[in-house]
Amino acid sequence: MTNIKVEEKTSKSGCISALEAPTMSGNDGADKAESGFTQDLKSVLVTSVLNLEELDIDLYRGRHHWVPRTQRLFGGQIIGQALVAAAKSVGENLYAHSLHCYFVRAGDPKVPVLYQVDRTRDGRSFTVRSVKAIQHGQPILICQASFQVLQPSPLQHQFSMPVVPQPEELPTVEEIIHQYLSKPDLTESAKVGLNKILASEVPIEIKPVNPALFYRISPGEPRRYFWGRARGYIGEGNMKLHCCVAAYVSDFALLGTALLPYSKYKARFTASLDHAMWFHSTFRSDEWMLYECESPWAGSSRGLVQGRLWRRDGVLAASCAQEGVLRVKPVTQTSKL
Ligand SMILES: CC(C)(COP(=O)(O)OP(=O)(O)OC[C@H]1O[C@@H](n2cnc3c(N)ncnc32)[C@H](O)[C@@H]1OP(=O)(O)O)[C@@H](O)C(=O)NCCC(=O)NCCSC(=O)CCCCC(=O)O
């Protein structure tokens with residue numbers, strides 16, 4: 001095995017297992033000072049997007065916040081809300097460890113989403129919930145989520161975190177876009193596109209490690225990295241909520257990784273078809289986490305992408321896998337920016 005860190009201790013030091021250490025990464029004060037957050041600047045993800053309205057037992061209604069330019073609901077929002085709904089029906093002692101979802105219809109941003117929870121099984125260690133997200137009387141997402149009680153294990157290993165610049169050394173998405181906007185040779189349509197990105201209220205802060213690759217300005221291997229965290233303050237102490245926020249973030253910029261080698265094509269229709277996620281360790285979703293995205297395969301108008309969310313202290317917090325539809329058309333213009 002290469003690039004694997006094995007932790008033989010069962011203590012909290014080094015590679016920490018979520019199932020053994022239900023505390024957060026412990027950098028609360030430092031990060032709040034760096035970002036200027038106070039408890040008053042609550043994350044909109046927590047106060048609005050993931051704050052579901054309870055309509056009846058195991059039936060919830062979710063509101064929308066940011067909607068991508070495609071005018072279909074953001075997949076991460078539906079997954080995050082489905083996980084909130086599932087988590088409401090399990091005990092305090094249970095923690096999400098995995099979820100598996102299919103996006104079966106496009107989400108309509110004009111109406112709310114209903115979440116219907118089925119209590120599939122309650123076991124001694126594992127508890128499973130099935131959630132159906134419904135609009136216009138039809139499912140748009142089917143999700144199964146599994147929860148586990150905290151359990152110690154002598155087996156602990158993980159890959160090593162990629163070595164990349166720290167978030168403090170990198171510009172934000174907004175700073176990068178302002179740099180591009182100041183270029184004199186920018187086309188009108190590029191200006192419009194960039195201003196639309198600036199105006200959109202994405203509730204996640206992003207710092208791409210390689211902006212040219214992130215925005216597909218230059219082609220490259222189907223692998224990219226960005227630092228991300230929920231905008232606003234969430235705070236310590238609610239691991240279930242941090243998992244729901246991470247589920248939201250995990251669908252962001254993931255599928256586009258499969259397009260990175262193809263500079264001669266642009267996206268005509270892309271949408272995630274399914275999404276799976278595994279939670280490994282405790283983390284704070286309002287603290288910087290590195291999202292490592294890679295695509296091992298594309299074909300048949302589909303692409304497979306995999307993601308790893310790293311805590312900045314090197315602990316692997318979560319892993320994801322997703323397949324999406326990729327329909328492209330040839331690029332006609334020579335310059336995109
Ligand atoms: C549409 C899904 C994927 C199912 O597809 P299909 O079975 O093909 O559905 P149809 O309704 O029959 O067709 C839809 C649309 O596609 C055209 N189509 C179909 N087949 C072909 C083909 N072989 N070649 C060309 N075109 C084809 C068909 O004509 C229809 O076109 P239209 O009439 O113009 O509409 C369905 O499963 C689905 O929508 N699922 C939901 C997917 C979804 O919403 N995922 C979550 C959102 S994606 C996301 O959030 C990622 C955002 C990332 C944001 C970021 O990173 O910045």
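Read-outs: derived from the displayed coordinates by stated rules, not from any lab. Predicted model, so just to flag it, every value in this text is computed and none were measured. Cβ placement follows ideal geometry from the backbone for every residue including glycine, while neighbour counts extend to all protein chains displayed.
For the reader, a short list of remarks on this structure follows.
- Two-decimal log10 I(q)/I(0) for region 225-270, as the Debye equation yields it once each C-alpha is a single scatterer, q = 0.16, 0.18, 0.29 Å⁻¹: -0.60, -0.68, -1.14
- Kirkwood-based Rg to Rh ratio, the chain, C-alpha trace: 0.95
- Spin-label zone in region 293-334 - amide nitrogen under 11 Å from a point set 7 Å from the Cα of residue 265 along the C-beta vector: 298-303, 326-331
- On the basis of the beta-carbon distance and an R0 of 25 Å, residue 57 and residue 151 show a calculated FRET efficiency of 0.30.
- The GNM of the chain, with springs linking C-alpha atoms under 10 angstrom apart, assigns the highest mean-square fluctuation among 308, 284, 61 to 61.
- The chain: most fluctuating residue of 302, 312, 268 per GNM, C-alpha cutoff 10 Å: 268
- Where N is the number of residues in region 275-337, Cα Rg divided by 2.2 N^0.38 Å: 1.49
- For residue 204, the shell of other residues with beta-carbons less than 13 Å away shows a net charge of -3, using +1 for Lys and Arg and -1 for Asp and Glu.
- Longest site-free stretch - the chain; sites: GluC sites (Glu not before Pro), DSSP loop, at most 11 other Cβ within 10 Å: 202-337
- Two-site label geometry, residue 274 and residue 71: point separation in nm, points 7 Å out along Cα→Cβ: 3.0
- Value of [θ]222 nm, deg cm²/dmol, for the chain, DSSP H segments ≥ 4, -39500 (n - 2.57) each, nearest 500: -5000 deg cm²/dmol
- Sequence of 269, 252 once ranked by neighbouring C-beta atoms within 10 Å, starting from the fewest: 269, 252
- Rounded to the nearest 0.05, the FRET efficiency derived from the C-beta distance between residue 126 and residue 159 at R0 = 35 Å is 0.90.
- With the simple spin-label model, which puts each label point 7 Å out from Cα in the Cβ direction, the residue 136 to residue 4 separation comes to 4.8 nm.
- Cα long-axis angle, helix 239-250 against the chain (0 to 90 degrees, to the nearest 10): 20
- Loop-located trypsin sites (Lys or Arg not before Pro) in region 111-140, at most 12 other Cβ atoms within 10 Å (DSSP): 124
- Share of Cα-Cα pairs in region 192-294 lying beyond 18 Å, as whole percent: 55
- Cα-based helix-to-principal-axis angle, 75-87 vs the chain, degrees rounded to 10: 10
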